[in-house]
Protein chains: 2
Amino acid sequence: MARMSSVDRRLELVSAALRVIAERGVAGATTRAIVAEAGMPLASFHYAFESRDEMMRELVGFVVENEAVAVFESFRFGADIRSSIHDALHAYLVAITDDPNHELVMLELMQYALRIPGLEHLAREQWVRYRVAVVELLEAAAANNGIEWSLPVDDIARIVVTFTDGITFAWLADRDLPGASRVIDFAADSLATLATPVRLKEHTA
Amino acid sequence: MARMSSVDRRLELVSAALRVIAERGVAGATTRAIVAEAGMPLASFHYAFESRDEMMRELVGFVVENEAVAVFESFRFGADIRSSIHDALHAYLVAITDDPNHELVMLELMQYALRIPGLEHLAREQWVRYRVAVVELLEAAAANNGIEWSLPVDDIARIVVTFTDGITFAWLADRDLPGASRVIDFAADSLATLATPVRLKEHTA
DNA sequence: GTCTATAAAGTGATAGAC
DNA sequence: GTCTATCACTTTATAGAC
């Protein structure tokens, strides 16, 4: 393997570690397994990182930074707020079922962070970022579908993430896709009741 | 330690292992840590169990069997269905916050089961048992508050568990109790819309 | 039966050759 | 700088003394 900058090698190792974790879990992410996945000799690991703990801290931080809710990025809104919510949740469900290991890794890393002293704040941060992403989506949906939210948008985002977490967890456990779809139907219905049509004083062409 | 039957020793070790897991996580539940917690010499472990894996299998099975949703057992219903749901969810939240490690252990064991080939069905089973417990509660609540459910009770139970899982997960991450309470308010409101007053042809005194 | 003492394998981390 | 070879330690599991 050609020479790489220190920062590249760190990234390469973190990336390899994430693949190993997806395959075998956090417990299976030994330094040997990671360097094997990255195609490096064992010593390269401690050339890039002080310790395995340091790498795991960087990995969790990396995930928190980069785990955008990409599901929603290319998302188009529906004709009304109910179908916008429904389609977004459905897109989320599809993303989960397409790559179950990904969500399992997120869950495992979150738990890992909750267990390691000094990393608890990263668990909180990751969860808050999800919520912030949902806030943006809720505001865009409101603008798009001409509604106002009857609760603080931050509270609604909390409800939405409660749904997505619950749906994720349930599907990971029982793999019942029609069941998950029925929950999404309910979620869309009940969230739509929090939307009220907005009276326009003026509107732009 | 006095002589104990084989079955008692197994139970003692499983119980000690659960305490160790609550304290240090699954990764910290080494055979040494477990026998130390149980006050036994190391060799006793393999006298009772073939291997650590066998003990972990029994432990997960034990939890699945015995993890009753005790929260709801001594639960009293409210005057209407909305407050019955609300109070039940609130009682659940109190139980979680009183003993955060307990839910963290359940989460961790579920993840463990999902990772270990041959144990996946136990993860599913544990989740289904929660749902069955909720079905019973929903039916009791319906009888008590004189309503009928407008969806199959099994689907509603799925929604309820989605809520409790999501609320649990969120609270473990961000420890925001007022936030969790607001989600519970919403959950009670939206679940109550699934209840319709029942017309009685006749009633018993 | 019970437990000390140890084996065998795997871990994170490094020294030292190139 | 890079990597082989190895250290020091921990893990599960067992042999063998009592």
Q.
For segment A:144-159, give me each residue that is in contact with a Leu (Cβ under 7 Å, 6 or more places away or on another chain) and more than 9 Å from chain B (Cβ to nearest Cβ).
A. A:Trp149, A:Ser150, A:Val153, A:Ala157
Q: Find the residue count for segment B:173-195, including only residues that are surrounded by 20 or more Cβ atoms within 10 Å (Cβ to Cβ) and touching a residue at least 60 places away in the same chain (Cβ under 8 Å).
A: 6
(Q) Cβ contacts < 9 Å: first residue assigned by TED's automatic domain parsing to the domain that holds A:Leu42 and within 14 Å of DNA strand C (Cβ to nearest atom), restricted to segment A:7-28; second residue of a type in the set (Lys, Arg) and assigned to a helix (DSSP H, G or I), any location; separation 6+ or different chain. Result? (A) A:Arg24/B:Arg115; A:Gly25/B:Arg115; A:Ala27/B:Arg115; A:Gly28/B:Arg115
(Q) Need pairs with beta-carbon distance below 7 Å; first residue without any contact (Cβ under 8 Å) to a residue 24 or more places away in the chain and more than 14 Å from every other protein chain (Cβ to nearest Cβ) and within segment A:32-53, second within 10 Å of DNA strand D (Cβ to nearest atom) and small (Gly, Ala, Ser); sequence gap 6+ or separate chains. (A) A:Val35/A:Ser44
(Q) Whether any residue in segment B:64-73 is within 30 Å of B:Ala142 (Cα to Cα), crowded, with 19+ Cβ neighbours inside 10 Å and either within 16 Å of DNA strand D (Cβ to nearest atom) or within 14 Å of chain A (Cβ to nearest Cβ) (or both) is what I want to check. (A) yes
Q. Considering B:Arg32, B:Arg76, which residue is among the basic types (Lys, Arg) and outside the structural domain of B:Val183 (by TED's automatic domain parsing)?
A. B:Arg32
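Go through B:Ala141, B:Ala113, B:Ala123, B:Ala133 for me and flag whichever is touching a residue at least 40 places away in the same chain (Cβ under 8 Å), within 11 Å of chain A (Cβ to nearest Cβ) and assigned to a helix (DSSP H, G or I).
B:Ala113
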Q. For segment B:32-74, how many residues meet the condition of being under 30 Å from B:Val160 (Cα atoms) and either in contact with a helix residue (DSSP H, G or I) (Cβ under 6 Å, 6 or more places away or on another chain) or not in a loop (DSSP other than H, G, I, E, B) (or both)?
A. 15
Q) Considering only residues of segment A:1-31 that are within 14 Å of chain B (Cβ to nearest Cβ) and in a loop (DSSP other than H, G, I, E, B), which is farthest from B:Met110 (Cα to Cα)? A) A:Thr30
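The values are calculated or read from the model by the stated rules, or taken from the named source; none is laboratory data. Computed from a predicted structure; not experimentally measured. All Cβ positions, glycine included, derive from the backbone under ideal geometry; neighbour counts span all protein chains shown.
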